[in-house]
Amino acid sequence: MKIGLVRHFKVAHDFPSGKYVSADFMEQWFKDYDEADIFYGETQLSEEDWKACYSSDMTRAVKTAEHIYFGEVIQMKELREIPSPPLKGKVKLPFILWAIWIRCSSFMNKQTRAEIKKAEKRINQALDVILANGEQDTLVVSHAALMVYMRKELIRRGFVGPKFSIARNGELYVFEK
């Protein structure tokens, strides 16, 4: 059995550049990102005969899945991205420093660690559903942070596949058991 993980295509929402931004600006930026369209691309699905496709129910993942897979796309809220941590304070920082803080919050922020635990449970629920449908090759279209934890769970369940720290938009990562 093979499971192919694909991160949604690039989102058509630019990162702020060269300016200091507030926590409120970042909160709004994330909301706008979640609602933005995507830049359609191509995904090399290799020679596999993918029998099923599951997708996060977030628009960017659904649009990607419907573009690369020519059958029914099953949307699952369990495959949604891990929410960004709450951003507070009056300080203004360059966008890159906010991004670093968000990345580090998985180690330092209690609420973020709780969201990661919830995401791990969601991943297990999603994989239980996917694997219950039998030994068929299946595509899963999701999000960068979630895919890191999904990869860990697939490995734990006996799958073998590539390493990645941040999945590339529209790229296929195949795991096999």
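None of the figures in this text is laboratory data; all of them are computed from the coordinates on show. Please read these numbers as outputs of a predicted model, since none were measured by experiment. Reconstructed Cβ throughout: ideal geometry from the backbone, glycine too, with neighbour counts over all protein chains shown.
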Express the relative contact order of the chain as a whole percentage, based on alpha carbon pairs under 8 Å and six or more residues apart in sequence. 39 percent
Residues with beta-carbon under 14 Å from that of Trp29, excluding Trp29: net charge, scoring Lys, Arg +1 and Asp, Glu -1? -3
For the Cα atoms of the chain, what angle does the longest principal axis make with the long axis of helix 95-108, in degrees from 0 to 90, nearest 10? 70 degrees
Percent of alpha carbon pairs in region 2-176 separated by more than 21 Å? 50 percent
By the scheme Lys and Arg +1, Asp and Glu -1, what is the net charge of all other residues having a beta-carbon under 10 Å from that of Thr59? -2
Tell me the angle of helix 59-68 to the major Cα principal axis of the chain, expressed in degrees between 0 and 90 and rounded to the nearest ten. 30 degrees
Mean-square fluctuation maximum in Gaussian network of the chain, Cα pairs under 10 Å, restricted to Ala12, Ala126, Ala144, hits Ala12
Which of Lys90, Lys77, Lys110 moves the most in a Gaussian network model of the chain with Cα springs under 10 Å? Lys90
Structure shown: which of Lys2/Lys110; Lys19/Lys88; Lys19/Lys77; Lys118/Lys152 lie over 23 Å apart, alpha-carbon to alpha-carbon? Lys2/Lys110; Lys19/Lys77
